[in-house]
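The values are calculated or read from the model by the stated rules, or taken from the named source; none is laboratory data. Everything numeric in this text was worked out from a predicted model, so none of it was measured. Quick reminder, even Gly has a Cβ in these numbers, built from the backbone with ideal geometry, and neighbours come from all protein chains shown. Heavy atoms of the whole protein, side chains included, go into the accessibility calculation; ligands, DNA and RNA do not. Shrake-Rupley method; radii C 1.70, N 1.55, O 1.52, S 1.80 Å.
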Amino acid sequence: MKRSLRWLSALLLALSLLLMALPACAEDVCVVSDASSASSVSTDRSYLRVGCPLDGQQPVTMTIRDAWGYLVYQRDYGVCSGSFRSEDVYLRLDGSSTTYVVTIAAGSRSHEFRVTREMPRLTDSGVYAHGLSLSQLFGGRSSKFAVIVDVDALEGSTLSVPLLSGGAQLGYANITVDGGALSVSAMLTVDGTIEKSTVYVARDAVTAQTLGTNHFTGVKTRLNRDVDLNGTPYAAVMVQLTVSYDAATAQAWQEDDLYLPTQRELWELMQLTTANEAVG
């Protein structure tokens, strides 16, 4: 039994050393090619590789400390000729960002610079304008939202609704009705970019039931495009965006208890209007 445990411990130690020796993926390495000219570097990569030109042959030591001065990494690379290049050093991320101080000592000279590892940007995030979830409207499990618009009440003005991704608010969708035409614009409150936008507009309750499906029969357009509402008193609007953003700049979403009951009332009126039009 004791021999088996010793073998297991030795195997685990060997595996740990092997993992530490494996090179980092090239896409996950921040490369500082000339440390002597660096002062401050920000990166969302997990590993750091440092290079530095040298005057002839010089002994080189690289030291990394955290913002509080605690030693994170130190290695004597011995005498290097012409240039120096470090191994890939893992920088742990604590919170949204972590700052390190890197010191390169080459011969009698040393140079110090700061490296801040930041949280990677979230890419291709699905974002929706907040309203009634499609599951609330039609049942099922869809997590997409539709905003019910009172066209006459909104004429000549704008309704701003939160843009949500999961539990985070990324900005606002601005729904405007002007001259019987509806348009949607978007404003991000995070450090991000809108990569793609799709706006779905249903002018009756029957069409609204196809929102979020491949069989949508209403108007499909993009941000900042006018949609003629053809005199309908109510419309259901689904705003779907693809956004890349820095998660550290997002805010937690706080539910508005007064908003959704109003949306439910408008949905009931939209259904009633559609039913009345159907029977003439």
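Below, the figures for the structure above:
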read-out	value
Number of the condition not met by Gln136 [criteria: (1) at positive phi; (2) over 23 Å from the mean Cα position of the chain (by Cα); (3) not hydrophobic (A, V, I, L, M, F, W, C)]	(1)
Unique residue being open to solvent by 80 Å² or more (accessible area, probe 1.4 Å) and in a strand (DSSP E or B) when the list is Arg45, Arg49, Arg75	Arg75
Qualifying residue in the stretch 191-212 (condition: out of contact with any Phe, Trp or Tyr (no Cβ under 8 Å at 6 or more places or on another chain), surrounded by fewer than 19 Cβ atoms within 10 Å (Cβ to Cβ) and small (Gly, Ala, Ser))	no
Top-ranked residue in the stretch 118-160 [being open to solvent by 50 Å² or more (accessible area, probe 1.4 Å) and small (Gly, Ala, Ser); ranked as nearest to Thr210 (Cα to Cα)]	Gly140
Residue check, Gly166 at pLDDT 95 or above and at positive phi	no
Count of residues meeting criterion [open to solvent by 90 Å² or more (accessible area, probe 1.4 Å) and over 30 Å from Glu118 (Cβ atoms)] in the stretch 229-277	8
Residue tally, condition over 17 Å from Ile148 (Cβ atoms), modelled with pLDDT of 95 or more and in a loop (DSSP other than H, G, I, E, B), over the stretch 212-227	5
Long-range neighbours under 6 Å by Cβ, at least six apart or interchain, first residue closer than 14 Å to Ser165 by Cβ within the stretch 177-206, second crowded, with 22+ Cβ neighbours inside 10 Å and among the β-branched types (Val, Ile, Thr)	Gly192/Val243; Ile194/Val243
Flag if Gln58 is open to solvent by 90 Å² or more (accessible area, probe 1.4 Å) and part of a strand (DSSP E or B)	no
Every residue from the stretch 131-157 that is free of Cβ contacts under 8 Å to residues at least 40 places away in the same chain and either hydrophobic (A, V, I, L, M, F, W, C) or under 26 Å from Ser244 (Cβ atoms) (or both)	Ser133, Ser143, Ala153, Leu154
